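The values are calculated or read from the model by the stated rules, or taken from the named source; none is laboratory data. If you're wondering where the values come from, they're calculated on a predicted model, not measured in any experiment. In this analysis, Cβ positions are derived from the backbone assuming ideal geometry, glycine residues included, and neighbour counts consider all displayed protein chains.
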Amino acid sequence: MTEPERDIHRLWQDQSREERTMSIDEVRSQAARFERKVRRANIITGGLFVLLIAVEAWQVWREPALLERVGDLLTIAAFVYAIYWFRGRVRVQSMPAGLGFTSSVEFYRTQLARQRDLAASPWRYLALFVPGVALALLGRTFDRPAGQTAAIAAFGVLLFLAVAWVHQRSARRLQHEIDELG
């Protein structure tokens, strides 16, 4: 690095940092926006779970292959257990109107941390679906060509990895927001 570049670099690093403090109204509006976002995601997820349970039940009813039927039943059981497990953990609480600034920030930080903790370890609940999905996808392994079976298995693995990646990314975003709160 040349001398002028070092001077510029040193000036850049030595400049005073502007600490951004949030007003109570900003904290409340972000908390309200976060609450709406989580409620919307919960409604969409609940609807998707009901739809997927209905599709799996339809497949159990119409599928002649025993292995696929067992896989579909295991998948339904995983959805029911996930609904039971998540029901108390995904709720977001409304911020009481009378909270002061410190209490509001703490309340918002707690809500963010709860959602971050859920998103940070997706394998805890994704593992529930592995046996059922594996049996359902691979139930007719001997009826298909080997390449098609390999493609189905690869699709299943990629699907699980993609869902885990999305949840990990969400956890990182939530952690970044928690860090911004100070």
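Within the range 46-78, the set of residues being touching a residue at least 24 places away in the same chain (Cβ under 8 Å) and of a type in the set (Val, Ile, Thr) comprises ILE53, VAL70, THR75, ILE76. Within the range 31-81, the set of residues being assigned to a helix (DSSP H, G or I), over 28 Å from GLN175 (Cα atoms) and among the small types (Gly, Ala, Ser) comprises ALA54, ALA57, GLY71, ALA77, ALA78. Is there a residue in the range 54-63 that is more than 17 Å from PRO131 (Cβ to Cβ) and surrounded by 16 or more Cβ atoms within 10 Å (Cβ to Cβ)? Within the range 54-63, none of the residues are more than 17 Å from PRO131 (Cβ to Cβ) and surrounded by 16 or more Cβ atoms within 10 Å (Cβ to Cβ). Just to be sure, is ARG28 within 31 Å of the chain's Cα centre (by Cα) and either loosely packed, with under 13 Cβ neighbours inside 10 Å or at pLDDT 85 or above (or both)? Spelling it out, it is not the case that ARG28 is within 31 Å of the chain's Cα centre (by Cα) and either loosely packed, with under 13 Cβ neighbours inside 10 Å or at pLDDT 85 or above (or both).
Note on the range 91-182: enclosed helices (runs of 4 or more DSSP H) holding 2 or more residues that are closer than 26 Å to TRP58 by Cα and at pLDDT 85 or above are 130-138, 146-181.
Restricting attention to the range 107-121 and to residues that are touching a helix residue (DSSP H, G or I) at 6+ places or on another chain (Cβ under 9 Å) and among the charged types (D, E, K, R), the residue that is nearest to GLN175 (Cα to Cα) turns out to be ARG116. Checked against (1) in contact with a helix residue (DSSP H, G or I) (Cβ under 7 Å, 6 or more places away or on another chain); (2) in contact (Cβ under 8 Å) with a residue 40 or more places away in the chain; (3) surrounded by 15 or more Cβ atoms within 10 Å (Cβ to Cβ), TYR81 passes all but condition (3).
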